[in-house]
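For reference, the structure is listed below as structure tokens.
The values are calculated or read from the model by the stated rules, or taken from the named source; none is laboratory data. It should be emphasised that the depicted structure is a prediction, and the values quoted were computed from it without experimental measurement. Here the Cβ is made from the backbone with ideal geometry for all residues, glycine too, and neighbour counts use every protein chain on show. Calculation scope for accessible area: heavy atoms of the full protein, side chains included, ligands and nucleic acids excluded. Shrake-Rupley method; radii C 1.70, N 1.55, O 1.52, S 1.80 Å.
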Amino acid sequence: MATQQPRIVIIGGGFGGLFTALGLKGAGDVTLISPEDHFLFTPMLYEYLSGEVEAWHIAPSYKELLDESVHLIRGNVSDVDFVAREISIEGREQRLAYDVLVLAVGGISNYANVEGAEKFALPFRKIADADALRARMIETLDRVPPDLAPQDARRALTFAVVGAGASGVELSTKMADLLRDAFVRRALRGEPRVMVIEMGEQVVPGMGDELRAFVEDALKQSRVEVHTQTRVRRVTEKGFTIEHDGEQTDVEAAAVVWTGGVRINPLIEKLNLEKNQRGLLLVEPTLQVRGHENIFALGDIAFYEDATPTLAGTAQLANQEATLCASNIRALLGGRELKTKHFEELGEAVSLGTERAAALVGDRAFGGALARQARFALYSARLPTWHHRLRVGASWFFEGTTPRPLKPLGIQN
Ligand SMILES: Cc1cc2nc3c(=O)[nH]c(=O)nc-3n(C[C@H](O)[C@H](O)[C@H](O)COP(=O)(O)OP(=O)(O)OC[C@H]3O[C@@H](n4cnc5c(N)ncnc54)[C@H](O)[C@@H]3O)c2cc1C
């Protein structure tokens, strides 16, 4: 009788899950479960919104990235039975058995119980979210006649981004540049209004002062209206209410985009595993879930102690952990000792509008067009496979990365 291969099931195909699967080639019978059919390189979703990159650059299908040795199941895992070692997938009667399980389901948008936010604010986490936002910007522009008075055009073209972390500033500067460009191309009068709302005292609270200076300058140049120490109290179909210094103001808006934080995935909330106060799974330095030798967890859902604190909740951390996770699964299956690792910051770059960026490499921060080039170089090197990196790198090098204007619907290129 042929010996059965160990069944390794990976839940989630983001930075943690996909890169673990890539590192497990030939290690066993590997299955990857994801609700989507593609990976998403989230750090460049802003460039996708502006048309500087295309879907095939940053959202390649799993079929393209993984060979036939990895089984793909499209679906949402709804539960795990740790005793029977089986998982349930929504809409499937049959449960799936595993010998080794990898939990890599990431986080979800945190609307912090703000009234109307989940219903009316637009999320910005997936390709479909970026498509929906771009469509909203174009539809809104299409409704503004060229002779509309500047103050009315500005009111009609008010957009708000909630949260001035890296996501919020990247998104608001891109939106502002795209909308201003559209005003010129369509000969509209006046200017659009893009607001970024932050409850903290300053923008990009997690970044150092040097990088923040580039960010603040870019927000100014892109004419983004920054509201710090301000809370969003309510989101409605037509706009939102903010509170600053105890005073509430209603603002009409064409869209409110939510980048105000990440919360624990409901699947992880449901599982009876050891967690910290924030609900993150406690893992050993080998990435094994506490008390479960055959279960590994990584990325946004796991609390890993031996990592530079600024790495928490980043693609960089999930990516580095995936390498350790895959090698420790091989070690476990081979009866070898499992390893531990310290994870370090590898350099970061934020995209600021359609012409600038700011990068932090080592302890040096720099900005402008050079940082924009550095960002493309840095990120093309972090794409999933060599084949994909080369194709995308060549496309950016030879064809460039110019934004795609917000042309009227029906004449998009
Ligand atoms: C717009 C945006 C920009 C970002 N920019 C940066 C950046 O510039 N630098 C940086 O370091 N980090 C960035 N991040 C954060 C980074 O994306 C995350 O830290 C990283 O993706 C975490 O990896 P992960 O594997 O834990 O989760 P994810 O990459 O989120 O992957 C989780 C996967 O699990 C799937 N899933 C969820 N629930 C289930 C379920 N029940 N069953 C099956 N599958 C499920 C999801 O669909 C998803 O594919 C950004 C995030 C966003 C949203």
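Some values worked out for this structure:
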quantity: Radius of gyration and Dmax over the Cα atoms of segment 1-85, both given in Å; calculated: 15.1, 56
quantity: Other-chain or far-sequence residues with amide H under 5 Å of Arg234's (modelled H); calculated: Thr241
quantity: Neighbour cut-off at most 14 other Cβ (10 Å), DSSP loop, GluC sites (Glu not before Pro), segment 281-367; calculated: Glu293, Glu305, Glu337, Glu344
quantity: Selection from Gly107, Ile127, Ile264, by position along the positive dipole direction of the chain (Cβ); calculated: Ile127
quantity: Within the chain, helix-based [θ] at 222 nm, where runs of 4 or more DSSP H residues each add -39,500 (n - 2.57), nearest 500; calculated: -9500 deg cm²/dmol
quantity: Restricting segment 269-303 to trypsin sites (Lys or Arg not before Pro) in coil, as DSSP defines it, with at most 13 other Cβ within 10 Å; calculated: Arg278, Arg290
quantity: Overall Cα dimensions of the chain - principal axes, largest extent first, Å; calculated: 79, 50, 45
quantity: Net charge dipole size for segment 1-128 [Lys, Arg +1 and Asp, Glu -1 on Cβ; Debye, nearest 20]; calculated: 160
quantity: Options Gln151, Asn328, Val289, ranked by Cα towards positive dipole end of the chain, top entry (Cβ charges); calculated: Gln151
quantity: Cα-based equivalent ellipsoid, segment 255-337: semi-axes from gyration tensor eigenvalues, Å; calculated: 25, 15, 11
quantity: As computed over segment 217-292, the Cα convex hull volume per residue (Å³); calculated: 190
quantity: GNM flexibility winner over the chain from Pro192, Pro150, Pro384 (Cα, springs under 10 Å); calculated: Pro150
quantity: For the chain, with +1 on Lys and Arg beta carbons and -1 on Asp and Glu, the positive-most of Thr340, Ala213, Gly367 along the dipole; calculated: Gly367
quantity: Selected from Asp81, Asp99, Asp245 as most flexible by GNM, with the chain as the system and alpha-carbon contacts under 10 Å; calculated: Asp245
quantity: Hydrodynamic radius by Kirkwood, which averages 1/r over all alpha carbon pairs of segment 364-413, in angstrom; calculated: 12.9
quantity: Average accessible area per residue (Å²) across the chain - probe 1.4 Å, nucleic acids and ligands excluded; calculated: 48
quantity: Crossing angle, helix 127-142 versus the chain [Cα axis fit, 0-90 degrees, rounded to tens]; calculated: 10
quantity: Of the GluC sites (Glu not before Pro) in segment 64-163, those whose Cβ has at most 12 other Cβ within 10 Å and which sit in DSSP loop; calculated: Glu68, Glu90, Glu93
quantity: Table column - 3J(HN,Hα) (Hz), segment 282-294, Karplus curve with 6.51, -1.76, 1.60, x for Gly and Pro; calculated: 7, 10, 6, x, 8, 6, 6, 5, 3, x, 9, 4, 9
quantity: Magnitude of the charge dipole, segment 218-312, Cβ model with Lys/Arg +1 and Asp/Glu -1, debye to 20; calculated: 160
quantity: Sulfur and carbon atoms: percent of accessible area, segment 170-249 [1.4 Å]; calculated: 42
quantity: Crossing angle, helix 209-221 versus the chain [Cα axis fit, 0-90 degrees, rounded to tens]; calculated: 40
quantity: Total charge dipole magnitude, the chain, about the Cα centre, Cβ charges on Lys, Arg, Asp, Glu only, Debye to nearest 20; calculated: 700
quantity: Per residue, the convex hull volume that the Cα atoms of segment 279-413 enclose (Å³); calculated: 173
quantity: For Glu225, residues with placed amide H under 5 Å, excluding near neighbours; calculated: Val194, Met195, Val196
quantity: Summed side-chain charge close to Gln316 - residues other than Gln316 whose Cβ falls under 14 Å, Lys, Arg +1, Asp, Glu -1; calculated: -2
quantity: Karplus-derived HN-Hα couplings along segment 147-164 (A = 6.51, B = -1.76, C = 1.60, θ = phi - 60°), whole Hz, x at Gly and Pro; calculated: 8, 5, 4, x, 5, 6, 5, 5, 5, 5, 10, 9, 10, 10, 10, 9, x, 10
quantity: Amide H contacts of Phe296 (H built 1.01 Å from N, under 5 Å, at least 5 apart or other chain); calculated: Leu101, Val102, Leu103, Val289
quantity: Per-residue ³J(HN,Hα) for segment 167-172, Karplus 6.51 cos²θ - 1.76 cosθ + 1.60, θ = phi - 60°, Hz, x for Gly and Pro; calculated: 4, x, 6, 4, 5, 5
quantity: Formal net charge of residues neighbouring Lys341 (Cβ-Cβ distance under 9 Å; K, R +1; D, E -1); calculated: -1
quantity: Top of Phe120, Phe397, Phe343 by mean-square fluctuation, Gaussian network on the chain, Cα under 10 Å; calculated: Phe397
quantity: Relative contact order %, the chain, counting alpha carbon pairs below 8 Å whose residues are six or more apart; calculated: 19
